[in-house]
Ligand code: GTP
Ligand code: MG
């Protein structure tokens, strides 16, 4: 899982400005501040590729990155703006929803959505809404979008309770028609824990 090269492809604040779909995309979704941008940096082993911030709501557009593995496989990693950030205006929230939903529903190259959930918080209503949205749009698009759960910031959870947190998360997720949402993967961008498992899962779902 050595990534030999990674680069920024494009940022899109509207569906019209998305770059043309070229190869399999893996999108990272979740609440603001859950660690989506940090996780992408950890996956490609470049601290500064994606901007991260302790202020929730720092990623406001859809950002696409390309990563190339040693064996030549190429992945598009898609950083989605976070949800659940209430300090935004109603119109901003509506614009956010149509951008994300349009992307998830219409992107032909979307292979998988990795839903990130803070290991300390578990699934919240926003997350369940996203799961239901993906499930519903799967029928419309007639393409298999896989959904995987990732528990982030496991370095903040006591060693002895990580397993319990992952069990609870896996059990709380509704079963998907497409068979997605197998066991949640624990991840930390501080320690790098889970990086290998995540790459294995990404390669499996993208079949690259
Ligand atoms: P938005 O762009 O606002 O949606 O947030 P995001 O999900 O991209 O989160 P981001 O990666 O910017 O991280 C948010 C904060 O959490 C930052 O202060 C990170 O340093 C911190 N953080 C991210 N991942 C981890 C982790 O694995 N462990 C710990 N302890 N902190 C983390
Ligand atoms: Mg971000």
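The values are calculated or read from the model by the stated rules, or taken from the named source; none is laboratory data. The structure displayed is predicted, hence computed values, not measured ones. Here the Cβ is made from the backbone with ideal geometry for all residues, glycine too, and neighbour counts use every protein chain on show.
The lone criterion from (1) within 11 Å of ligand 2 (Cβ to nearest atom); (2) touching a helix residue (DSSP H, G or I) at 6+ places or on another chain (Cβ under 7 Å) left unmet by residue 84 is number (1).
Scanning the stretch 53-72 for residues that are over 14 Å from residue 10 (Cβ atoms) and at pLDDT 85 or above turns up 67, 68, 69, 70, 71, 72.
The test for being on the phi < 0 side of the Ramachandran plot and more than 16 Å from ligand 1 (Cβ to nearest atom) holds for residue 14. Scanning the stretch 62-120 for residues that are part of a loop (DSSP other than H, G, I, E, B) and free of Cβ contacts under 8 Å to residues at least 12 places away in the same chain returns 71, 72, 86, 89.
Scanning the stretch 31-42 for residues that are more than 7 Å from ligand 1 (Cβ to nearest atom) and over 12 Å from the mean Cα position of the chain (by Cα) gives 41, 42.
For (1) in contact with a helix residue (DSSP H, G or I) (Cβ under 6 Å, 6 or more places away or on another chain); (2) at pLDDT 90 or above; (3) assigned to a helix (DSSP H, G or I); (4) at positive phi, each residue gets a yes or a no:
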position: 133; (1), (2), (3), (4): no, no, yes, no
position: 136; (1), (2), (3), (4): no, no, yes, no
position: 147; (1), (2), (3), (4): yes, no, no, no
position: 166; (1), (2), (3), (4): no, no, yes, no
position: 189; (1), (2), (3), (4): yes, yes, no, no
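Residues of the stretch 40-52 that are touching a helix residue (DSSP H, G or I) at 6+ places or on another chain (Cβ under 8 Å) and in a loop (DSSP other than H, G, I, E, B): 47, 48, 49, 50, 51, 52. For the stretch 38-53, the tally of residues that are surrounded by fewer than 17 Cβ atoms within 10 Å (Cβ to Cβ) and within 11 Å of ligand 2 (Cβ to nearest atom) stands at 2.
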